[in-house]
Structure formats: C-alpha cells, structure tokens
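Novice: Pasting a structure below so you can have a look.
The values are calculated or read from the model by the stated rules, or taken from the named source; none is laboratory data. Please read all numbers here as calculations on a predicted model, not as lab measurements. Neighbour counts are summed over all protein chains in view; Cβ atoms, including those assigned to glycine, are modelled from backbone coordinates with ideal geometry.
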Amino acid sequence: MNLLHVCCAPDLVSTVFKMEELRGSELFFYNPNIFPEDEFFRRYEAFEEVCESLSIACPEPTYCPEDFSKILSSYVDEKEGGIRCSKCIELRLRKTAEMAKSIGAESFSTTLLASPRKSIKHITLIGEMIANEIDIEFIPGNFRVDRGRLNTLIRDIYRQDYCGCQASLNEMKKEREIRDTRDRERLERDFGALVDLWKFRGKMVLRSEIPISDTSEMKKLIGIIKPATLCDDLEDAELKNRRWLKTGTYNCRILREKDQ
Ligand code: SF4
C-alpha cells in the first residue's frame, strides 16, 4: 500500500488523473503550514468533496500549526521557493514517510508533485533523501495534467490563490496590490470612458455590460479588468462554443445563461 500526502484538492485531482496507480493510496492531509486556520478548513473541505466524488476514504483533519511555527519564524523573510519552502516540504514529507512506516505502507508520495508552483526535481530530492533515511520507497513523477484539462476537472472546487503559509499570504497580497494598481492605470489610460467597469474585477460581468463590439479590443479590456467570469447574455458569435476567453495574460471563463 502507498500513503499519499495531499496538499490540496486540485493537486489531488491532478494526481489521480495522471497517476492511475495512485488511486488506491491511503491519503494523508498533513499541512501545518496553512494559515489561517479558516483557510486550513476551507482547503480540507474541498479535499473532502473530492474524496467523496472519487469514492476515496477521507481521513479526519488535524490542524497543528505549531509543527511549522519554528520554520516560519526562522525563514519568514525568504522568498517563495527558497529555504523556507525546502524545510516546509521536508517537514510534510518526513511526517508522511514516518506515518507510512507506522501503518505498514511500502511507499509514500505527495500531490505536491502536481503543483505547477513547485519544482518536481526539488521535491524528488527531498523525498528520496527521506526514503533512504527511513528505509521506505518514495514514488516520484510528474503528476501534473495540463491546465485546461485541470480547469475542466475541478470546475467548482475551491482553488487557493496563495501557497499556504502566512509569509506566502503576505507576498500574494503585496503582488495583488501591485497588479491592481498597474491594471487600474492601464484601464484609465486605454479605456478612460469605461473606468466604471473596474467594479467587475474578480466578479461576473455580462457581455451586454461591455459596450465594445471589436473582439480584440474586448479581449484587451477583459485582460485588464480580469472579471471572474464573462456571461455571454448576448450570444456573441465570436464567443460561441468557447469556454474560455484567452487574453494572452489572463483566461476568463465564459458562462452562458443556460449554465447558471
Ligand atoms: S510558500 Fe508554501 S511551500 Fe513555501 S513555506 Fe510557505 S507554505 Fe510552505
């Protein structure tokens, strides 16, 4: 039997669709890095939902941020991808390997190998180092499915917008502020008469609320506003049969009235 560490619901979906042989694994949701507690349970609930839809047994949640607090306080100023992340991945993989050993599993692995934000090579090095120390097999691999396919598979499943710890949350907020300021300035410069459309950032906008007929201009505007979804209430011929509006920097989901 294999023990699979699960970092989040989307990465679990990607893993089981890419690595059919891991479907029968026991799951282990050990993520003391997640901050705040509400976010931990939000991610756990999404994980539970996926387990239910895949008919996989879901373990009970245990939130133990104290396991991670020393790593956070020692490396709080590190950028994502640096030593704080190595320690964080090692902590989670070591606990998984120890748990695997204690329940008599032959191997362990992690859905972190599905995350587009992480280095597969780096995770594999850490996994193999722990496997050698503890004398258990580590299952490596590229567990990623392509983005379009993943978007279809996890349509309504909660998807986090930062990695997990307090430092990554702060980093994400800072980056968001920079993006907001830049896009707001672009909107004022390129679509001065339409600045009111800024209110749809991160929300749903109706096609009829965008008074632009030229598709490339409309794409440019959507790429700046970045609404969560574009509802094609006008049945625009240019949007017909499309699920996503790709603007080059931002992909906006297209909804039709019948989808709601
Ligand atoms: S950024 Fe992610 S991987 Fe890195 S320490 Fe924070 S939670 Fe862990």
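Novice: Determine, yes or no, whether CYS231 is surrounded by 11 or more Cβ atoms within 10 Å (Cβ to Cβ) and out of contact with any Phe, Trp or Tyr (no Cβ under 9 Å at 6 or more places or on another chain). Before the answer, list the steps.
Specialist: Details: surrounded by 11 or more Cβ atoms within 10 Å (Cβ to Cβ): yes; out of contact with any Phe, Trp or Tyr (no Cβ under 9 Å at 6 or more places or on another chain): yes.
Yes.
Novice: Could you pull out every one of the helices (runs of 4 or more DSSP H) wholly within region 141-260 that has 1 or more residues that are more than 18 Å from the chain's Cα centre (by Cα) and at negative phi? Steps first, answer last, please.
Specialist: Working: elements: 147-153, 166-190, 215-225.
Fully inside region 141-260 and qualifying: 166-190, 215-225.
Yes/no matrix, rows are residues, columns are (1) within 14 Å of the ligand (Cβ to nearest atom); (2) in contact with a strand residue (DSSP E or B) (Cβ under 9 Å, 6 or more places away or on another chain); (3) β-branched (Val, Ile, Thr):
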site	(1), (2), (3)
ILE34	yes, no, yes
CYS58	no, yes, no
SER86	yes, no, no
SER102	no, no, no
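Novice: Across region 64-77, which residue is surrounded by the fewest Cβ atoms within 10 Å (Cβ to Cβ) among those that are within 12 Å of PHE35 (Cα to Cα) and within 14 Å of the ligand (Cβ to nearest atom)? Give the derivation first.
Specialist: Initial filter on region 64-77 (within 12 Å of PHE35 (Cα to Cα)): 64-66, 68-69, 72.
From what's left, within 14 Å of the ligand (Cβ to nearest atom): 65, 68-69, 72.
On the way: PRO65: 17, PHE68: 22, SER69: 14, LEU72: 19.
Among residues in region 64-77 that are within 12 Å of PHE35 (Cα to Cα) and within 14 Å of the ligand (Cβ to nearest atom), the one surrounded by the fewest Cβ atoms within 10 Å (Cβ to Cβ) is SER69.
Novice: Identify, please: which residue in region 139-188 is touching a Leu at 6+ places or on another chain (Cβ under 9 Å) and farther than 19 Å from VAL76 by Cβ and is, among those, farthest from the ligand (Cβ to nearest atom)?
Specialist: First, the residues of region 139-188 that are touching a Leu at 6+ places or on another chain (Cβ under 9 Å): 139-145, 162-163, 165-167, 187.
So of that shortlist, the ones also farther than 19 Å from VAL76 by Cβ come out as 139-145, 187.
On the way: ILE139: 20, PRO140: 18, GLY141: 19, ASN142: 18, PHE143: 16, ARG144: 17, VAL145: 21, LEU187: 31 Å.
Only one residue fits best here, namely LEU187.
Novice: What tally of residues in region 42-57 results from selecting those that are under 18 Å from LYS95 (Cβ atoms) and in contact (Cβ under 8 Å) with a residue 24 or more places away in the chain? Explain how you work it out, then say what you get.
Specialist: Applying the first criterion (under 18 Å from LYS95 (Cβ atoms)) to region 42-57 yields 43-44, 47.
Right, trim to in contact (Cβ under 8 Å) with a residue 24 or more places away in the chain and you get 43, 47.
Residues flagged as under 18 Å from LYS95 (Cβ atoms) and in contact (Cβ under 8 Å) with a residue 24 or more places away in the chain within region 42-57 amount to 2.
Novice: With the requirement that a residue be among the charged types (D, E, K, R) and surrounded by fewer than 17 Cβ atoms within 10 Å (Cβ to Cβ), what does region 234-252 give you?
Specialist: Our first condition is that a residue be among the charged types (D, E, K, R); within region 234-252, this holds for 235-236, 238, 240, 242-243, 246.
Those that are among the charged types (D, E, K, R) and surrounded by fewer than 17 Cβ atoms within 10 Å (Cβ to Cβ): GLU235, GLU238, LYS240, ARG242, ARG243, LYS246.
Novice: Enumerate the pairs (first residue in region 75-97 and touching a residue at least 40 places away in the same chain (Cβ under 8 Å) and among the β-branched types (Val, Ile, Thr); second residue anywhere and within 9 Å of the ligand (Cβ to nearest atom) and in a helix (DSSP H, G or I)) with beta-carbon separation below 7 Å, excluding pairs fewer than 6 apart on the same chain, so at least 6 apart or on different chains.
Specialist: As it stands, the answer is VAL76/ALA167, since those pairs meet every condition given.
Novice: Which members of region 13-40 meet the condition of being buried (at least 23 other Cβ atoms within 10 Å of the Cβ) and either acidic (Asp, Glu) or not assigned by TED's automatic domain parsing to the domain that holds THR110 (or both)?
Specialist: Of everything in region 13-40, nothing turns out to be buried (at least 23 other Cβ atoms within 10 Å of the Cβ) and either acidic (Asp, Glu) or not assigned by TED's automatic domain parsing to the domain that holds THR110 (or both).
Novice: OK, next. Tell me, please, whether a residue that is in contact with a Leu (Cβ under 8 Å, 6 or more places away or on another chain) and touching a residue at least 60 places away in the same chain (Cβ under 8 Å) can be found in region 117-138.
Specialist: No; the residues of region 117-138 include none that is in contact with a Leu (Cβ under 8 Å, 6 or more places away or on another chain) and touching a residue at least 60 places away in the same chain (Cβ under 8 Å).
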